[in-house]
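Only one structure is covered here, and it is reproduced in the block below.
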Amino acid sequence: MSRIKIPILICSVIILAGCEDLFVNQAESNLNMEDFEAAWNRVDAVYPYLDYKQIDWDSIYVIYKPRALNAKGDEIYTVLFEMLGELKDRHIYVKTLGGNAINTFQPPRWLKDKDAYDPVVVRDYFDEALFVTGEGRIEYGIIPGNIGYIYMATFDGDYLLNCFPEALNFVKNTKGLILDIRHNNGGSYQNLVAVVSRFITSPLAKPDYYVLGEIIPLPPFEPQGYFQYVNPVIVLINGVCYSTGDIFPEVMKQISTVTLVGDTTGGGSSGSTSSAPAEYTLPSGKKIFVGTTDWRRYDGLPYEWIGVPPDILVQQSKEDIESGRDRQLEYAINMFKE
């Protein structure tokens, strides 16, 4: 456990801008059409949102087939990228033979909020430096007024399973707690379970989950840990919360002590599972990621494109951050001071 005042870098995947320059140049392939057909068929077979998004995938084939036929060598990357980009799903990527995964889409709310949060600005609201754990992915402390604060940068890996209890123990005697997941791009569902289980005192049903169109029964969330935090909780969210970063606030808002504050999450719910991997290898060895799973909100709608709205909308801009102000955090603090 350590105290720091330096910024934490939150890495994001590069979005394509002039994709010919980003892809690793490879020798001309004679499998371009095979790759194109395989990619189109993969989407047609497994992608859960073609009907929901009213995408005529057959017409997409007609549009892109001539381009694939005319593609020379690495030009097929551009064809694949743009064809898969028609799905408008940030989870989807094309992976080069060099190993770089290039996302085919950035959600509008993601783009709106990408500069509207900064952990350095957050730290100015504390009298003392924040504690840091989980290899820098959790920051925690107590705001004046006995208000607990825990920031979770990602749900990747297993750090929340192992390190969240340390942070929660530190704030267990506070009168209220701010859980900040702004700019959390998602990750492991098991990390979500590890956090939710510390705020419930009885079983909580899980939202519906589908794999290749078939609903998968899931046991409820159960209380875990040696104590439950039962005082009021505010979860801070914004448009860069995505994937598990969408699911977590939706689950937390089912708990009576929890209020969501901030702006609507990014909206992404396709994914992968060991029984139906989303990453798929094309005939040439190139890889694409096309989701095979589908999480639903408690109202039965996909998170895809919709996201999770806050209970209390507090918008924040790049200009706010540049001026050193975090309106969303301020609002949460003032809620506890009322």
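Details
- Close contacts from the range 217-241, counting a first residue that is touching a residue at least 60 places away in the same chain (Cβ under 8 Å) and a second that is among the small types (Gly, Ala, Ser) and surrounded by fewer than 19 Cβ atoms within 10 Å (Cβ to Cβ), with Cβ to Cβ under 7 Å and a gap of 6+ residues or different chains, come to 225/197.
- Contacts under 8 angstrom Cβ, first residue in the range 147-161 being closer than 17 Å to residue 119 by Cβ, partner acidic (Asp, Glu) and assigned to a loop (DSSP other than H, G, I, E, B), 6 or more apart: 159/135
- First in the range 253-268 and closer than 16 Å to residue 241 by Cβ, second anywhere and of a type in the set (S, T, N, Q) and surrounded by 20 or more Cβ atoms within 10 Å (Cβ to Cβ), Cβ under 6 Å, 6 or more apart: 262/238; 262/328; 263/238; 268/243
- Listed by position, the strands (runs of 3 or more DSSP E) enclosed by the range 84-143 that each have at least 1 residues that are over 30 Å from residue 68 (Cα atoms), in contact (Cβ under 8 Å) with a residue 40 or more places away in the chain and charged (D, E, K, R) are 138-143.
- One residue stands out in the range 184-216 among those that are touching a residue at least 60 places away in the same chain (Cβ under 8 Å) and within 22 Å of residue 152 (Cβ to Cβ): the one that is surrounded by the fewest Cβ atoms within 10 Å (Cβ to Cβ), namely 207.
- Of all residues making up the range 217-226, the number that are in contact with a strand residue (DSSP E or B) (Cβ under 6 Å, 6 or more places away or on another chain) and either aromatic (Phe, Trp, Tyr) or buried (at least 16 other Cβ atoms within 10 Å of the Cβ) (or both): 1
- Breaking point among (1) farther than 17 Å from residue 107 by Cα; (2) modelled with pLDDT under 95; (3) surrounded by 21 or more Cβ atoms within 10 Å (Cβ to Cβ), for residue 285: (3)
- Residue 259 fulfils the conditions (1) over 14 Å from residue 209 (Cα atoms); (2) assigned to a loop (DSSP other than H, G, I, E, B) except for a single criterion, (2).
- Close contacts from the range 50-74, counting a first residue that is loosely packed, with under 11 Cβ neighbours inside 10 Å and a second that is outside any helix (DSSP H, G or I), with Cβ to Cβ under 7 Å and a gap of 6+ residues or different chains, come to 72/28.
Results for (1) in the same structural domain as residue 258 (by TED's automatic domain parsing); (2) at negative phi; (3) within 16 Å of the chain's Cα centre (by Cα), shown as yes or no for each residue.
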{"position": "140", "(1), (2), (3)": "yes, yes, no"}
{"position": "145", "(1), (2), (3)": "yes, no, no"}
{"position": "148", "(1), (2), (3)": "yes, yes, no"}
{"position": "161", "(1), (2), (3)": "yes, yes, no"}
{"position": "166", "(1), (2), (3)": "yes, yes, no"}
{"position": "170", "(1), (2), (3)": "yes, yes, no"}
{"position": "177", "(1), (2), (3)": "yes, yes, no"}
{"position": "185", "(1), (2), (3)": "yes, yes, yes"}
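The values are calculated or read from the model by the stated rules, or taken from the named source; none is laboratory data. What you are looking at is a predicted structure, and each value in this text was computed from that prediction instead of being measured. Please note: Cβ atoms are built from the backbone with ideal geometry, for glycine as well, and neighbour counts cover all protein chains shown.
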